[in-house]
Amino acid sequence: MTELGPSPLAAGDRQISLTDARAAIAAALQPIHGRECVPLMQALGRVLAEDVLSSIDVPAHDNSAMDGYAFDGAALHADATTTLNSVGTVYAGTPYTGRLAAGECLRIMTGAVMPEGLDTVVPLELCRSAGARVEIEPGVIRPGENLRRRGEDLARGKPALRAGRVLRPADLGLVASLGIAEVGVVRRLRVALFSTGDELRTLGQALAPGCVYDSNRYALMAALQRLGMDIVDLGLVRDDPAALQATLEIAIAQADVVLTSGGVSAGDADHTRTLLARLGEVAFWKVAMRPGRPFAFGPLHAGGRSSWLFALPGNPVAALVTFYAFVRDGLLQLAGASPDPLPVLQARCVHAIRKRPGRTELQRGRLSPAPEGGWQVQITGSQGAGILRSMSEANALVVLQHDQGSVAAGERVDVWLFDGLV
């Protein structure tokens, strides 16, 4: 059962800025409970439930940072050529057990354990060698250089990764380097998803006049998959109070979050408001943004269980934009993650854009390298809330802030990268 904290949401209709809406959602949500232990190869994209502590020093020994010659740095001459005699070779994985005399050095490979009494490595390209003779000019290297100290990267007992981290490929490599085969992760967040509207048809059905295929569910399911959520697909729901209530009760029984698009989000019909008031404390917001003005959010309760409702607009582009703006971070927070802020890039806008202050506008754009250096962004076609083609052609959203006015061609704007929204 999902545990819900006290809701800071105000009842009734109200206009709210995008920033205030994001803050209200973040304040309302608490992470779910439940953890499991999974093999490392199954941990990609999962959220760490506890700190991963290093059981070893990394590196485990003093070792060479590069291929070269290892020697005692005290042998270096400040104002004359240092001449050394190479007496052997040290390979990674095969420690050298002998002791060197004054003026001697060893050929050493990257990662090889540094022999006792040696603390400096001169790279091959910074010295001259002929047979066993190695010459180092003054000033080329200082004592102690190119040596990686034991525990330099990570000391035994110190946290390697913190709880709340969404595990990436490099993280799995780090955990593997510590000899750890399993990690404790938060259970996957379960999200129930459905679309509402009598005009919607599922794929494969014939289109009657005035009807459209349900694209929102497929786009939102893909966005949920990228976040690593467990998805409960409840299909299409008619604009009917009994059908909506039955579907919501099924969703609450099975999931931590209920994600809808169309109808229920705007709360235009009295029966929708009445139903959601009976099931929870859902706030209907008119968000000062374009696209995506109608949005509803809040806790739902049925059968002794609780879930959070995110109700999105029905227009396809508006549904995706509000998902990125509100739902993404909310789901990560519920899943126990520590969401990174949405990555923002500054780019030169190729086109002039008309905008009035007082709302946030998110326009579809194509980011590319600018001829003069840096980045530029070009708007992708019509910005209508139902035009998915321009969304598909885009790789970013141009974010025109709440108090911002019109943008001149060549002016710099904020950009959200789609590939950073995972």
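The values are calculated or read from the model by the stated rules, or taken from the named source; none is laboratory data. The model shown is predicted, which means the values in this text are computed figures rather than measured ones. We place every Cβ from the backbone using ideal geometry, glycine too, and count neighbours over all the protein chains shown. Heavy atoms of the whole protein, side chains included, go into the accessibility calculation; ligands, DNA and RNA do not. Shrake-Rupley method; radii C 1.70, N 1.55, O 1.52, S 1.80 Å.
Go through [x] 165; [y] 207; [z] 288 and flag the label whose value is the computed volume of the Cα convex hull per residue in Å³ for this structure.
Given [x] 165; [y] 207; [z] 288, the structure-derived one carries the label [y].
State, to one decimal in nm, how far the label point of His301 lies from the label point of His77, with both points 7 Å from Cα in the Cβ direction.
That separation, rounded to one decimal, is 8.6 nm.
For the modelled label position 7 Å from the Cα of Val350 along Cα-to-Cβ, which residues of segment 365-385 have backbone nitrogen atoms closer than 14 Å?
365-372, 375-382
Compute the acute angle (0 to 90°) between the alpha-carbon long axis of helix 18-28 and the principal axis of greatest extent of the alpha-carbon atoms of the chain; round to the nearest 10°.
80 degrees
Relative to the present Cα-Cα distance, how much length would full extension add between Thr97 and Arg226 at 0.36 nm per residue of separation?
Extra length from Thr97 to Arg226 when fully extended: 41.4 nm.
Is there a quick way to get the dipole size of segment 42-165? I mean about its Cα centre, with the Cβ of Lys and Arg at +1 and of Asp and Glu at -1; what is the value in debye to the nearest 20?
460 debye
Rounded to the nearest 0.05, what FRET efficiency do Leu44 and Leu417 have when you use their Cβ-Cβ distance and R0 = 22 Å?
0.60
Name the residue from Ser55, Gly210, Phe326 whose Cα lies farthest towards the positive end of the charge dipole of the chain, charges +1 on Cβ of Lys and Arg and -1 on Cβ of Asp and Glu.
Final value for the positive-end residue is Gly210.
What whole-number value in Å² describes the accessible area per residue of segment 295-422 for a 1.4 Å probe?
I get 39 Å² per residue for this part.
Measuring with a 1.4 Å probe in the full set of protein chains, what accessible area per residue, in whole Å², belongs to segment 27-151?
52 Å²
Only Lys, Arg, Asp and Glu count, each charged at its Cβ (+1, +1, -1, -1), so figure out the dipole size of the chain about its Cα centre, rounded to 20 debye.
Taking the Cα centre of the chain as origin, the dipole is about 920 debye.
On the accessible surface of the chain, probed at 1.4 Å, how many percent belong to carbon and sulfur atoms?
After summing per-atom areas, the C and S share lands at 51 percent.
From the P(r) of segment 76-168, could you give the percentage of C-alpha pairs in the tail past 22 Å?
Counting every Cα pair in segment 76-168, those more than 22 Å apart make up 39 percent.
Using 0.36 nm times the number of residues separating Asp51 and Leu126, minus their current alpha carbon distance, what extension gain do you get?
Answer, rounded to one decimal: 22.8 nm.
If a paramagnetic tag sat 7 Å from the Cα of Ile180 along the Cα-Cβ line, which residues of segment 40-61 would have the backbone N under 12 Å from that point?
40, 48-56
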